[in-house]
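The values are calculated or read from the model by the stated rules, or taken from the named source; none is laboratory data. Please read all numbers here as calculations on a predicted model, not as lab measurements. Positions of Cβ are generated from backbone atoms using ideal geometry, with glycine treated the same way; all protein chains shown enter the neighbour counts. Surface areas here come from the heavy atoms of the whole protein model, side chains and all, with no ligands, DNA or RNA. Shrake-Rupley method; radii C 1.70, N 1.55, O 1.52, S 1.80 Å.
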Amino acid sequence: MDATTVAPYRFVVWREVLFAYLAPAVCAGASGLVTGQPDLLRAAPTSIAGTSAFVALLLGIWLRHKGIRPRSPSPIRSAVLAAGSGIGAAALAALTAQILTATTELPERIRIDFPIAAALAGAVITWRWCTIQRKASK
């Protein structure tokens, strides 16, 4: 491979999961630090970033091995798929949070943390998957 050859685009699950954890952990942690909210500071690396990474892992594995195979990847189709993934992930996360808060001693804030983190992770991972598929098909 010479310097002018460009490596093919690839969807690497571990890299997606790493960034799905780090981005919300840093953002929410910084927000908690700046606003003086210790509960947000504690939730940043746990319920917020953990949920995001878990959704990215599950969705990334599914996309990589079975996943969405758009006939003609387009930005509009990608946006619809990303929105659908985000909404679906949020709904499942909200249901999970409801069950967990009803049956365990987990804090009530997971009813907000889980769905928001899942929605963002689901939408971003699906969008990135579609973008890579679009670039690879050119």
> Phe114 fails exactly one of the following numbered conditions: (1) aromatic (Phe, Trp, Tyr); (2) farther than 20 Å from Pro45 by Cβ; (3) touching a residue at least 24 places away in the same chain (Cβ under 8 Å). What is the number of that condition?
Replying inline: (2)
> Which residues, counting only those in the stretch 64-83, are under 24 Å from Ala25 (Cα atoms) and at pLDDT below 95?
Replying inline: Ala82
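Matching residues to (1) open to solvent by 50 Å² or more (accessible area, probe 1.4 Å); (2) without any contact (Cβ under 8 Å) to a residue 24 or more places away in the chain:
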position	(1), (2)
Gly32	no, yes
Leu40	no, yes
Ile61	yes, no
Ser78	no, no
Ile99	yes, yes
Glu108	yes, yes
> On the given criteria, is Leu95 in a helix (DSSP H, G or I), surrounded by fewer than 22 Cβ atoms within 10 Å (Cβ to Cβ) and under 12 Å from the mean Cα position of the chain (by Cα)?
Replying inline: no
>> With the structure loaded, tell me whether Ala119 is assigned to a helix (DSSP H, G or I), in contact (Cβ under 8 Å) with a residue 12 or more places away in the chain, surrounded by 15 or more Cβ atoms within 10 Å (Cβ to Cβ) and not acidic (Asp, Glu) or whether it fails that test.
In response: yes
>> Filter the stretch 34-63 down to the residues that are more than 18 Å from Ala118 (Cβ to Cβ), hydrophobic (A, V, I, L, M, F, W, C) and either at pLDDT 95 or above or part of a loop (DSSP other than H, G, I, E, B) (or both) and list them by number.
In response: Val34
